[in-house]
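The values are calculated or read from the model by the stated rules, or taken from the named source; none is laboratory data. This one's a predicted model, so the numbers in the text were calculated from it and none came from an experiment. Counting neighbours? That spans all protein chains shown, and the Cβs are built from the backbone with ideal geometry, glycine included.
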Amino acid sequence: MTSPVARGACPRLSEPMQTGDGLLVRIVTAGPIPLDGFTRLCAIANEHGNGVMEISARGSLQVRGLTPLSAPLFAKDVASLDIELCEDVPVIANPLQGDPAALLDADALAALLRRSIAETGLVLAPKVSVVVDGAGRLHLDTLAADIRLRAVSTATGSRIHIAFAGDAASATPLGLATPDAAVEVVIDLLAAIAALGPEARATDLVRSQGTDGIRAILRTHLEAACRLPSRPRAESIALHRLKDGACALGLGLAFGHVRADALIELMDIATANGAVWVRPAPHRALLLGPLTEARAVATRKAAETLGFFVESRDLRRRIVACPGAPSCASGLIAARAIAAQLAGHLPTALGIVHISGCAKGCAHPGSAPLTIVGTSQGCGLVRDGTARDTPETCVTADDLAATVNRFTKTREAALA
């Protein structure tokens, strides 16, 4: 195992990242995980780390509190599990297995892409990623990626819409291709990115070549394609019908983290109710299946008692919080503790609240109606901005709830 990676890189299983509570490892899974394998993963997170596990906004698993001695042992134990991992270029597919709305098997195409990318031996920046969207209900429109593939239905059959550099709203469309041709296009695009250097991303290729230049690089003919229409937000926390008549249950993690012991207990309950797989999902969610509707309802009730979010309208979901201090070495405020403190006091009219331990804003890089950011003077408040913006005022954590309440009233009056 190499030395801990610097901040800004990706903390992989073989390259943990130093944080305030020890070393952090991020695990990108390549498909559904057998429940017994996931239970074992939670147990070794307890054994080798501090027992805190997270699901990121992109659906990656994170294990905290490892040490220079325990991290190699953790990696060795994970390698022995029946879990398919994506340790190289992250190729992210729709998380709902057996979705009747899907136009293709996104997991199968993603697996083919992973093998094809590995065979090239390309040296790519750690954050380069590919999204494979089978057009199911749990789409991946909000996930930014260097290359985006999305199944679409055309007059001549299903095709893959290929876009470049961004999320569904911002990525540049390149064209339509068959699934086989789409794999060739991805390889050509990644090779062009790699040719710019080991830290290059898709945006660098856009700047150097332009859209027309990128299309000229591609050996495979692409049918013309325009930007795809936006879709309603994908909601993971729900009961999802599957092709075979069974269900998958979507649950949320409170502010993105949970104790490994709680996950182990949840896996025991899910197993007793007939589930066989679990899968992390974007927006800090977890899917369990397959389940009958009655067993899914029973599992959901038990999950609620363990502290998981079971309703999409849970007001606590409007709070996006990073670990903050002391878990993160950069954190200047205890972001998750503040999130729990504020959860019962946020007015319904207030939208997303971002609580960031520092100005980096890792948990929510975009703008929010209210951002609470850690500063040397305390909790800084930013209206309609990001953690990188200059706060208009700073208060102590004890005064935060009252200040947020005043802010909300002022905002409501301005919008009236």
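List of remarks:
- Residues located in the stretch 29-57, provided they are in contact with an Asp or Glu (Cβ under 7 Å, 6 or more places away or on another chain) and among the hydrophobic types (A, V, I, L, M, F, W, C): Ala30, Ile44
- Across the stretch 240-268, the qualifying residues are those that are among the small types (Gly, Ala, Ser), farther than 15 Å from Val278 by Cβ and not in a loop (DSSP other than H, G, I, E, B), and the one among them that is nearest to the chain's Cα centre (by Cα) is Gly256.
- Qualifying residue in the stretch 75-90 (condition: out of contact with any helix residue (DSSP H, G or I) (no Cβ under 8 Å at 6 or more places or on another chain), farther than 22 Å from Ser60 by Cβ and either among the acidic types (Asp, Glu) or surrounded by fewer than 22 Cβ atoms within 10 Å (Cβ to Cβ) (or both)): no
- Qualifying residue in the stretch 80-87 (condition: out of contact with any Phe, Trp or Tyr (no Cβ under 6 Å at 6 or more places or on another chain) and without any contact (Cβ under 8 Å) to a residue 24 or more places away in the chain): yes
- Meets criteria (surrounded by fewer than 17 Cβ atoms within 10 Å (Cβ to Cβ) and in contact with a helix residue (DSSP H, G or I) (Cβ under 7 Å, 6 or more places away or on another chain)) for Thr120: yes
- Odd one out for Glu235, checked against (1) touching a Ser or Thr at 6+ places or on another chain (Cβ under 7 Å); (2) free of Cβ contacts under 8 Å to residues at least 60 places away in the same chain; (3) not hydrophobic (A, V, I, L, M, F, W, C): (2)
- Within the stretch 316-328, the presence of a residue that is in a loop (DSSP other than H, G, I, E, B), touching a residue at least 24 places away in the same chain (Cβ under 8 Å) and basic (Lys, Arg) is excluded.
- The single condition among (1) over 26 Å from Val132 (Cα atoms); (2) in contact with a Leu (Cβ under 8 Å, 6 or more places away or on another chain); (3) at pLDDT below 95 that Glu265 does not satisfy is (3).
- You will find that of Gly361, Gly366, the residue that is part of a loop (DSSP other than H, G, I, E, B) and on the phi > 0 side of the Ramachandran plot is Gly361 and no other.
- Pairs where the first residue, in the stretch 3-19, is among the charged types (D, E, K, R) and the second is modelled with pLDDT under 85 and part of a strand (DSSP E or B), C-beta under 7 Å, 6+ apart: Glu15/Val5
- Test: residue in the stretch 152-171 that is in a loop (DSSP other than H, G, I, E, B), in contact with a Pro (Cβ under 6 Å, 6 or more places away or on another chain) and within 28 Å of Glu15 (Cβ to Cβ): no
- Test: Val132 is in the same structural domain as Ile193 (by TED's automatic domain parsing), over 20 Å from Ala102 (Cα atoms) and of a type outside the set (Gly, Ala, Ser): no
- Whichever residue in the stretch 8-31 is out of contact with any helix residue (DSSP H, G or I) (no Cβ under 8 Å at 6 or more places or on another chain) and part of a loop (DSSP other than H, G, I, E, B) and, among such residues, is nearest to Ala359 (Cα to Cα): Gly8
- Any hit, the stretch 130-141, residues being in contact (Cβ under 8 Å) with a residue 60 or more places away in the chain, touching a Pro at 6+ places or on another chain (Cβ under 8 Å) and farther than 16 Å from Val185 by Cβ: yes
- The single condition among (1) farther than 28 Å from Ala43 by Cα; (2) of a type in the set (D, E, K, R); (3) part of a loop (DSSP other than H, G, I, E, B); (4) more than 21 Å from the chain's Cα centre (by Cα) that Glu119 does not satisfy is (3).
- Check on Glu199, within 30 Å of Cys42 (Cβ to Cβ), out of contact with any helix residue (DSSP H, G or I) (no Cβ under 7 Å at 6 or more places or on another chain) and part of a loop (DSSP other than H, G, I, E, B): no
- Qualifying residues in the stretch 371-412 (those that are at pLDDT below 90 and polar (S, T, N, Q)) - the one surrounded by the fewest Cβ atoms within 10 Å (Cβ to Cβ): Thr410
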